[in-house]
Amino acid sequence: MRVGVPREIKTHEYRVGLTPSSVKEYVVAGHSVLVETGAGGGIGADDAEYVAAGAKIAPNAAEVFAASDMIVKVKEPQPDEWRRLRRDQLLFTYLHLASDPAQTQGLIESGCTAIAYETVTDAHGGLPLLVPMSEVAGRLSIEAAAFALRRHAGGRGLLLGGVPGVPAAKVAVIGGGVVGANAARMAVGLGAEVTILDRSLPRLRELDLLFAGRVRTRYSTGDAVAQEIAGADVVIGAVLVPGALAPKLVRRAQLSTMKKGAVIVDVAIDQGGCFETSKPTTHADPTYVVDGVIHYCVANMPGAVPLTSSHALNNATLPFGLMLAARGLPAIVENPHLRAGLNVHRGRITHPGVATSLGLPLVEAVAALAA
């Protein structure tokens, strides 16, 4: 198969769909790889490294899209990219369609087959291609919050871990999954006082054992969330409904109960965000203030650490990408985990979370692939 790797063009996105090491794996497996010039610049990989790995270099994105059977990216295609996609072409990347009707329509009109990293599953019911970036985003969320708490950044002027004789910051983490656990790990490591809220008692028990009493766990109800955000200096939104919009767990009226200069970090912003006042921001302008509360809602947080993120992501995506390259559409038919990743196929929405969130007709993946 002819595999294409365009340079990422989303604002301040420095990751790359395939590292040179991954390119070598595709080439060894008998595939050809076409990489846009400069695509690996954000991770310090120049064109010569890609050539040494067996890739060919294209002068621009248009040539990559035109010459490839499968496009491997990191972030969702931007308008110029989705217009280059075509029928029978595979797209393998993060999509987050539930909060992006324009992109969804663009993919529908392209006729391409779009497999979303964030909905590919594994044998344990997990989301293996989402996990590595959730780990990165969870850890970065605390770094972002610590900076935003500083007075010159508009925050309360509070050191996250405090010092002897001065209380540490209070951090409320809404959601105890991969993002939440990694955020808590970083916050606890810095000495903050951490509470994790989740609606799964088994998960709360796991977290209690994992942190050995160093965090408070609390069953997540509306009242519990309201109480915790009122006392928090930092609130991390770490809620996920696979493929669908994140639920709005904090309403604007509740911001008035929070401390002035407190910080909200909405890691769920790719799926619409879990705070009513959330809107996507960029690394160039990451924060804004609503009712005295600082909001950090960068939609591609792991893009800030592209070297770590690209390698972590490639470690997870490579086996699935090689399956797609080897078998094409039959790989999706035969593999239930890739099939769970199928979001759009030849103009049809095939993921229930996307269809429900956007109010569009759903065609079951098997039926769509058989048509």
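Read the figures in this text as sums done on the coordinates, not as results from a lab. Owing to the predicted nature of the structure, the values given are computational and were not obtained by experimental measurement. Ideal geometry is used to build each Cβ from the backbone, glycine not excepted, and the neighbour counts take in all protein chains shown.
What the table shows:
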item: Protection proxy ranking of 71-80, 135-144, 47-56 - average other beta-carbon atoms within 10 Å, highest first; result: 135-144, 71-80, 47-56
item: Computed over the stretch 78-228, Cα set: Rg, Dmax in Å; result: 19.7, 64
item: Kyte-Doolittle mean at least -0.5, axial Cα span of 20 Å or more - DSSP H helices of the chain; result: 131-148, 306-327
item: Rg and Dmax [Cα atoms of the chain; Å; Rg one decimal, Dmax integer]; result: 21.0, 68
item: Principal axis dimensions, largest first and in whole angstrom, of the stretch 133-304 by Cα; result: 45, 38, 32
item: Helix-only CD estimate at 222 nm, as mean residue ellipticity for the chain, using -39500 (n - 2.57) per DSSP H run (n ≥ 4); result: -10500 deg cm²/dmol
item: Cut-off under 5 Å, modelled amide H: who pairs with V290 long-range; result: H295
item: Counted charge near S200, where neighbours are those whose Cβ lies closer than 13 Å (Asp, Glu -1; Lys, Arg +1); result: +1
item: Nearest-20 debye value, the chain charge dipole, Cβ charges on Lys, Arg, Asp, Glu; result: 620 debye
item: Residue-wise HN-Hα coupling along the stretch 349-354, computed from phi with Karplus coefficients 6.51, -1.76, 1.60 (Hz; x: Gly, Pro); result: 7, 10, 10, x, x, 5
item: Dipole magnitude of the stretch 133-304 about its Cα centre (Cβ charges: Lys, Arg +1; Asp, Glu -1), debye to nearest 20; result: 300 debye
item: GNM top mover of T11, T93, T350 - the chain, alpha-carbon springs below 10 Å; result: T11
item: Euclidean distance of C-alpha centroids, the stretch 318-351 and the stretch 188-248, integer Å; result: 34 Å
item: Summed side-chain charge close to H351 - residues other than H351 whose Cβ falls under 11 Å, Lys, Arg +1, Asp, Glu -1; result: 0
item: GNM top mover of P202, P164, P20 - the chain, alpha-carbon springs below 10 Å; result: P164
